[in-house]
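Data block below; observations after.
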Amino acid sequence: MSEQNLVGSMTAAINEAKESAMLAIRSTADLAGLRALSADLNKKDSPLNSFKSEMGKLPSVEDKRSIGQLLNAAATEIAAALESRTREFADSEISARIESESLDLTELLVQRRRGHSHIVTQATQRLEDVFIGLGFQIAEGPEVETDFHNFEALNMPKSHPARSEFDTMFLEYGEPNSVLLRTHTSPVQIRVMKSWKPPIYAIMPGRVFRRDTPDATHMPVFHQIEGLVIDRGITFAHLAGTIEAFTKAFFGSEFTSRLRPSFFPFTEPSAEFDIRRADGEWIELGGCGMVHPNVLISGGIDPEEFSGFAFGFGIDRMAKERHKVEDIREMYTNDLRFLRQF
Amino acid sequence: MKILNSWLNDFGAFGTNVEKLAEALTSLGLAVESVTTVGTPVKGVVVAKVLRTERHPDAEKVHRVYVDAGDGKELHVWCGAFNMKSGDLIPLATLGTTMPDGRIITARGILGIESHGMLCSGTELGLTADADGILILPSNLKLGTDVFAALGIKQDSVFDLDVTRNRPDCNGYLGVARDLGARLGIKVVAPSGDKAKKGVSRSMKVTIVDKSRCARYNMTLMSGVVVGDSPSWIAQRLANCGMRPINNVVDASNLVMLELNQPTHAFDAEKVNNGFKIRCARPGETLLTLDGQVRDLESSDLLICDGKDNAIGLAGVMGGASTEISEQTKTVALETAWFESSGVAKTATRLGLKSEASMRFERGVDPYGVDHAVSRFAVLLRESCPDLVVHGGAADAKEKSLPPKQKVVSLRVGQVNRILGVKLSAKAISVMLAKIGFATKATSAAKSATLKIAVPSWRPDCETEIDIVEEVARHYGYENLGKIVPQSTMHGRLSPLQQRRRDIREVVLSMGLSEAMPNPFLAPGDLVKAGLSEDNAIRLSNPLVYEESVLRTSLRPGLLKAISFNISHRASKISLFELGHVYPSGSADSAEGLPDEFESLCLVAVGETSSLALDWWSQISSVMGFGAQLDQASVEPGYHPKRSAILRRGKQVLGCVGEIDPRVLAQHQINTSVACLELNLSVLLAETPRIATAKSVSRFPRSDFDLAFTVPNSQSAGAVMKALRQAGGSELVDLELFDVYRGAGLPNDSRSLTFRLCLQASDRTLTDAEVTAIRQKCLNAAAKLGALLRN
């Protein structure tokens, strides 16, 4: 065979081998077949690879180069076809898997509900947060109290007539009538004065007890929040300012407040505080006043150096009115149908 | 205290601007609870005379009243009240009258018999606050005339004041007028006294035995009394203030009390034997009081006795029946006294006899208002008794216990300004106080001045400087004192404990439990029903009801009741929690003599088992960083003995987890299991969570392997785990029980526990030999507990 013929026949054979490899790639049905084919094509004795050994027969360098280039191009083309076909198979395989994994999520959704915080707790926390914003800390005390903390230290000595208004529940504990269920959160004032020392900016929420027959607006067990500020230079204007700031922060900026004279044994001057709604109606909220000097002395504070004010009101009513509960007793039935509404 | 607008005007020119007056009263601390209009004329109501009354056999609740409305004709009216007799004058609403409540009077009767109008009570006409039956009119009115015109009734307003305990003077018109006059700049005049010449001296002897209880006792005799109806203006005023007119003597006494806050008591002098003696009761003594009841007396009750030592009145509370004023009374013995307040309070409370008089003595009356009260009584009685003689030589016993005429209290100008945040001068303060009768005895221009303030005798509440500061504040006006928000010098925040309490609530809520607030009072037996002891429970001395007489020592009984309640209402998925105080009795030597009160958290879920309770515990403990061991060896009473554990740290018990004892559940009619977790928050929340110290993460590979053991049921998984952890040492960085199997291939009394162990060193790659050695140590440790490696 002439040299020219040799080059020509090799070129034809190479192209033919390439086409047959491409055809095989196109006609392979799946990834496994493609992998087998790829292995076959990469074997040393595969049709294309066998030309590499035959290249030595070519006499001229130029011929070797042109056949070499042809072989490389064919190999690159086949490799690209293999890769693209592989990707095709992989894509359709993952698509099929995805299809087969279809789930109805609505069927699987488990209604895992959060529990419900009691509305009195919610009200307490909202009140606490407002006062925290005004620079107050929160103090706590026991619900079972001594006569001293509940009355005597609050300027109500044993024979004080105002004691009878508290409808106190006493306990069969210790000396008769010496241990009781606190009738207000005010005993915490004394505990705070003794343990914190001024300056004091404190609120005292908690459970209190009165010997009151339950009705739509009263419970024998209910909740109060009390505030106490003791510092140098505290005046009545600071009391009125704090009540006003609280009113706006808690009820809304459209509300205003007023203080009017009243009487409590533990404060003097004493006041009732009312809030006014945007529609002009006044609502009685609670009691307040400048801490009585005798109370400061009970708490170990010099009334000539420090002055202060205190205020207090009911929490249950806040919850009752916010949620428009008709009868306060409903709040304490522990009926889940009631609790789950809030 | 009810204040009639027109009457108030007798004390000063207050006018009739009701809104303005109400606002001023409220701003003075005399809170106006309501303002009502009285005496609005009802057209068509005329004076009629009762001719006769008759029962009808078929009408039980009404009778037939025949009346004459002035034209001589007999009208027939059905009436449901029986308090009238022939000859009485009564108000008749004629046909067509529109009543204040909107009803129109028609002739429609009952049993086919028409009614020619309606007889009216005082309430129906808006004349009196309360009424027993038909209003009986004064006998001197002209038949057929308009009732309102005949009575001289004009429209008026009544202010209902809430008088606080510290203002006894305002239980009388004069006190209210004095404050209001000072606020509005209106001159106030006390009602006039008797100007008639005193009659011949006549007196009855007064002996005060218990001098600490009665400091003043004035006994004035008045003769020439003719008992009858009061003039209509007196009756009207009393009625409008909620008091029933009785007769001219009693009414005059009541009117004086309302005007001057001085109760008086009128005895029929002829029925009083030989003078008066004021002493405390003797045990076993009794008294028939004016209301017809026999009162058993105690030695703390102060009595008015006659000269023969027989009780004739309960001092300051109520008179006795034997000396009551009657139509035959000719001479009145008028008692005007000052009784010690707490004694009156004690008797009135004990006997449940809270009268207008006792209320005033309790709060405090003016010990120097006696003479004016006597004189005023005479003026009022003289209106209906023109021949009244007030005898001279009245007995007026005074004791040392009588409060002084004036108390002098020091008032520092600086203190007024310091407390109120104002800059008032000494003079301004003096002027303000003078208007309410507080005289300044010494003053100076200096800013540091101390004023000597003479407190009038009608203000027993003002005893110290701060009391006077309050008076200044009231009259300066609370609304004028300004509003300043103080700059808190503290950092507003929750304490760490309070923050942790909110955190734990969040965890519990997120687990789906709702918050209950059961009654902290239990019925006797409730604790026992919940499997708990009642020995450490405290009882209330004065419970509202027997069923609420025991203080809880645990939150469980309350929650069990709540569960029963919800089951009875067919609620599903009942899961509740409570966070609250419990009050077991403490050791007697506790610092303040208080019980061992602590804060507890209890979670319950119906139809759930201990595995849910453990799940709660594991979530809570991991979020909150609580640590405790499960101790199943001892059982908390009330819990399932085989399905619960105490949460323990050393000797300290932190709570309990598991299921409620089925016997307890049966007691509560709960027929499914209840998961329960209880924690002592007073201990757990007080702990500061440990702050983690950073450790470098190991860069070396870890080797994981599983060990499956056959373990007898008597050996707890926790114990095996603990042994493995100890044996594994510091290289055992993770240990997990990931499978529990009971059944085929295992002995009946055993189960298989499979643990996954993860070994890793921080400074090197563990060699195979090291891993094998640790594994062997673990196997040995487990074997000691009877846990044998499965093949």
**Request:** Can you confirm whether the range B:457-473 contains a residue that is in contact with a Lys or Arg (Cβ under 6 Å, 6 or more places away or on another chain) and under 24 Å from B:Phe361 (Cα atoms)?
**Result:** yes
**Message:** If a residue must be free of Cβ contacts under 8 Å to residues at least 60 places away in the same chain and aromatic (Phe, Trp, Tyr), how many such residues does the range A:132-144 contain?
**Reply:** 0
**Request:** Can you tell me which residue among A:Pro47, A:Pro59 is exposed (fewer than 14 other Cβ atoms within 10 Å of the Cβ) and in the same structural domain as A:Arg85 (by TED's automatic domain parsing)?
**Result:** A:Pro59
**Asked** Are any residues in the range A:129-144 over 23 Å from B:Leu551 (Cβ atoms), at the interface with chain B (Cβ under 7 Å from one of its Cβ atoms) and not aromatic (Phe, Trp, Tyr), and if so, which ones?
**Response** A:Ile132, A:Gly133, A:Leu134, A:Gly135, A:Gln137, A:Ile138
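Per-residue answers, yes or no, for (1) in the same structural domain as B:Glu54 (by TED's automatic domain parsing); (2) part of a loop (DSSP other than H, G, I, E, B); (3) among the acidic types (Asp, Glu); (4) modelled with pLDDT under 85:
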{"site": "B:Thr128", "(1), (2), (3), (4)": "yes, yes, no, yes"}
{"site": "B:Asp132", "(1), (2), (3), (4)": "yes, yes, yes, yes"}
{"site": "B:Ser139", "(1), (2), (3), (4)": "yes, yes, no, yes"}
{"site": "B:Leu143", "(1), (2), (3), (4)": "yes, yes, no, no"}
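Condition test on B:Ala357, is it part of a helix (DSSP H, G or I), surrounded by 21 or more Cβ atoms within 10 Å (Cβ to Cβ) and not β-branched (Val, Ile, Thr)?
Considered against the rule, which asks whether it is part of a helix (DSSP H, G or I), surrounded by 21 or more Cβ atoms within 10 Å (Cβ to Cβ) and not β-branched (Val, Ile, Thr), B:Ala357 comes out as yes.
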**Request:** State whether the residues of the range A:318-339 include one that is in a loop (DSSP other than H, G, I, E, B), free of Cβ contacts under 8 Å to residues at least 60 places away in the same chain and buried (at least 19 other Cβ atoms within 10 Å of the Cβ).
**Result:** yes
**Request:** Return the only residue of B:Leu522, B:Leu559, B:Leu544, B:Leu509 being assigned by TED's automatic domain parsing to the domain that holds B:Cys676, closer than 21 Å to A:Met331 by Cβ, in contact with a Phe, Trp or Tyr (Cβ under 9 Å, 6 or more places away or on another chain) and buried (at least 22 other Cβ atoms within 10 Å of the Cβ).
**Result:** B:Leu559
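Which one of these is closer than 30 Å to B:Ser575 by Cβ, among the charged types (D, E, K, R), surrounded by 10 or more Cβ atoms within 10 Å (Cβ to Cβ) and not assigned by TED's automatic domain parsing to the domain that holds A:Thr333: A:Arg65, A:Arg114, A:Arg85?
A:Arg114
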**Request:** Name the strands (runs of 3 or more DSSP E) wholly inside the range B:14-122 in which the number of residues that are of a type in the set (Asp, Glu) and either modelled with pLDDT of 90 or more or at negative phi (or both) is 2 or more.
**Result:** B:59-68
**Request:** Output yes when any residue across the range A:145-160 is outside any helix (DSSP H, G or I), surrounded by fewer than 18 Cβ atoms within 10 Å (Cβ to Cβ), in contact (Cβ under 8 Å) with a residue 60 or more places away in the chain and at the interface with chain B (Cβ under 10 Å from one of its Cβ atoms), and no when none is.
**Result:** yes
**Item:** Condition check for B:Ile304: over 29 Å from the mean Cα position of the chain (by Cα) and either in the same structural domain as B:Asp169 (by TED's automatic domain parsing) or part of a loop (DSSP other than H, G, I, E, B) (or both)
**Value:** no
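Return yes or no: is B:Ser384 in a loop (DSSP other than H, G, I, E, B), at pLDDT below 95, buried (at least 17 other Cβ atoms within 10 Å of the Cβ) and not acidic (Asp, Glu)?
yes
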**Message:** Looking only at the range B:228-256, how many residues end up being β-branched (Val, Ile, Thr) and out of contact with any helix residue (DSSP H, G or I) (no Cβ under 6 Å at 6 or more places or on another chain)?
**Reply:** 3
**Request:** All but one of (1) more than 10 Å from chain A (Cβ to nearest Cβ); (2) within 12 Å of A:Asn334 (Cα to Cα); (3) not aliphatic (A, V, I, L, M) hold for B:Ser554, so report the exception by its number.
**Result:** (2)
**Prompt:** Which ones in the range A:236-255 are over 19 Å from B:Gly492 (Cβ atoms), touching a helix residue (DSSP H, G or I) at 6+ places or on another chain (Cβ under 7 Å) and surrounded by fewer than 22 Cβ atoms within 10 Å (Cβ to Cβ)?
**Reply:** A:Phe255
**Request:** Looking for whichever is modelled with pLDDT under 95, in the same structural domain as B:Ser358 (by TED's automatic domain parsing) and under 33 Å from the mean Cα position of the chain (by Cα) here; the options are B:Ser212, B:Ser232. Which one fits?
**Result:** B:Ser212
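Listed here are the residues, each with its yes/no results for (1) hydroxyl-bearing (Ser, Thr, Tyr); (2) more than 7 Å from chain A (Cβ to nearest Cβ); (3) without any contact (Cβ under 8 Å) to a residue 24 or more places away in the chain; (4) in a loop (DSSP other than H, G, I, E, B).
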{"residue": "B:Pro486", "(1), (2), (3), (4)": "no, no, yes, yes"}
{"residue": "B:Met490", "(1), (2), (3), (4)": "no, no, yes, yes"}
{"residue": "B:Arg500", "(1), (2), (3), (4)": "no, yes, no, no"}
{"residue": "B:Val528", "(1), (2), (3), (4)": "no, yes, yes, no"}
{"residue": "B:Ser533", "(1), (2), (3), (4)": "yes, yes, no, yes"}
{"residue": "B:Phe565", "(1), (2), (3), (4)": "no, no, yes, no"}
**Leading residue by the ranking (surrounded by the fewest Cβ atoms within 10 Å (Cβ to Cβ)) among those in the range B:466-484 that are assigned to a helix (DSSP H, G or I) and facing chain A (nearest Cβ under 7 Å)** = B:Glu479
**Prompt:** Checking B:Val158 against (1) more than 30 Å from B:Leu314 (Cα to Cα); (2) under 33 Å from the mean Cα position of the chain (by Cα); (3) not in a strand (DSSP E or B), which single condition isn't satisfied?
**Reply:** (3)
**Request:** Answer yes or no: is there a residue in the range B:95-102 that is within 14 Å of chain A (Cβ to nearest Cβ), surrounded by 17 or more Cβ atoms within 10 Å (Cβ to Cβ) and hydroxyl-bearing (Ser, Thr, Tyr).
**Result:** no
**Request:** Go through the range B:722-775 residue by residue and tally those that are more than 14 Å from B:Leu707 (Cβ to Cβ) and touching a residue at least 60 places away in the same chain (Cβ under 8 Å).
**Result:** 7
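The values are calculated or read from the model by the stated rules, or taken from the named source; none is laboratory data. Predicted model only: the values in this text are computed from it and were never measured. We place every Cβ from the backbone using ideal geometry, glycine too, and count neighbours over all the protein chains shown.
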